[in-house]
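Reviewing the structure listed below.
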Amino acid sequence: MAIEGVDCYNPISSSTASCMKNKGVSFAARYYCPLGISSKLLTKSEAENLLNVGIEIVVVYEWGGTDPSHFTYDNGYNDGLEAISRAESLGQPLNSAIYFAVDTDMRYQLTAVSNYFHGVADAMTEYQQINGDKWYIGVYGGYDVVKYIDGKWGVSYIWQTKAWSEGRIYSGNNIYQYDIFINDTNEIYLCGHPIDKDSSSGNTGGFSSLTNK
């Protein structure tokens, strides 16, 4: 049975989290990015707002993911390190997933996507060698990207967006983003909050508690 979720750029308040839970939201996807760079960054207080009402959290790292030139090995490695730092600061449990966003049409630049996730994987492997455990690597992107990178460089969680998918749905996805907020064209609000809509079979790679770190 599918469960419903949302993803959004803006932080979710305590009252909005309660409203979303009452509207049937089971999970919410929010962002990691470099510290102090953007208001989209998921904070511990916001995470607690969501977890306290029973909404599971999914995290996605995105900084530069809308620019095709961002997808290089070095940027993947550095993004991996930044994502690890954010996860440690938040208290994200090990063995949950961190998705990395390919938020542009990269279907004709799949080698660049591979180079990027090679970098992410090396950062995560180094962390595992030192600490004995890790977070799983996920990808957010259109059909061609997620199908291509699934299983490569340790990518084991798939979040597919309908954008750049042309109606094709990858059977291996964990999350499917089926309706997207577009200014003046397809504006979607839930509890007064701008959102995209997602569904999942249940294995989102998300987490329902924080560690004590």
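Quick note: the coordinates plus some simple rules give every number you see, no bench work behind them. Everything numeric here is computed off the predicted structure, so don't read it as measured data. Here the Cβ is made from the backbone with ideal geometry for all residues, glycine too, and neighbour counts use every protein chain on show.
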* Point-to-point label distance, ILE182-TYR9, nm (Cα→Cβ direction, 7 Å offset) -> 1.5
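For the pair MET1 and GLN128, what calculated FRET efficiency results from E = 1/(1 + (r/R0)^6), where r is the Cβ-Cβ distance and R0 = 30 Å, to the nearest 0.05? Don't skip to the end; give the middle numbers.
Numbers: r = 33 Å, r/R0 = 1.12.
FRET efficiency, GLN128 to MET1: 0.35.
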* To do: Find how much the distance from TYR189 to LYS152 grows on full extension, using 0.36 nm per residue of separation minus their present alpha carbon separation; answer in nm with one decimal.
  => 9.8 nm
* Asked: What's the FRET efficiency of SER171 with ASP105 using the Cβ-Cβ distance as r and R₀ = 22 Å, to the nearest 0.05?
  -> 0.55
* Asked: Which lysines does LYS23 reach when only Cα atoms under 21 Å apart count, and residues fewer than 8 places away in its own chain are ignored?
  -> LYS197
* May I ask which of LYS40/LYS152; LYS21/LYS152; LYS40/LYS134 have a Cα-Cα span longer than 31 Å here? => LYS21/LYS152
* To do: Could you run the Debye sum over the Cα atoms of the stretch 79-213, one equal point scatterer each and no solvent, and tell me log10 of I(q)/I(0) at q = 0.09, 0.12 Å⁻¹, two decimals?
  => -0.29, -0.51
* To do: Provide the percentage of antiparallel DSSP beta bridges, counting only those with both residues in the chain; round to the nearest 5.
  => 35
* Structure fact -> Projecting the Cα atoms of TYR116, ALA47, GLY142 onto the charge dipole of the chain, where Lys and Arg contribute +1 and Asp and Glu -1 at Cβ, the residue farthest towards the positive end is ALA47
* Asked: Can you give the extra length, in nm with one decimal, that the chain gains between SER45 and SER69 once fully stretched, where that is 0.36 nm per residue apart less the Cα-Cα distance?
  -> 5.3 nm
* the stretch 3-200: relative contact order as a whole-number percent, Cα under 8 Å and 6+ apart -> 20
* Structure fact -> To the nearest 20 debye, the chain has a Cα-centred charge dipole, built from +1 on Lys and Arg Cβ and -1 on Asp and Glu Cβ, of 420
* Asked: Say we join alpha carbon atoms closer than 10 Å with springs in a Gaussian network model of the chain; which of ASN203, ASN115, ASN174 then has the biggest fluctuation?
  -> ASN203
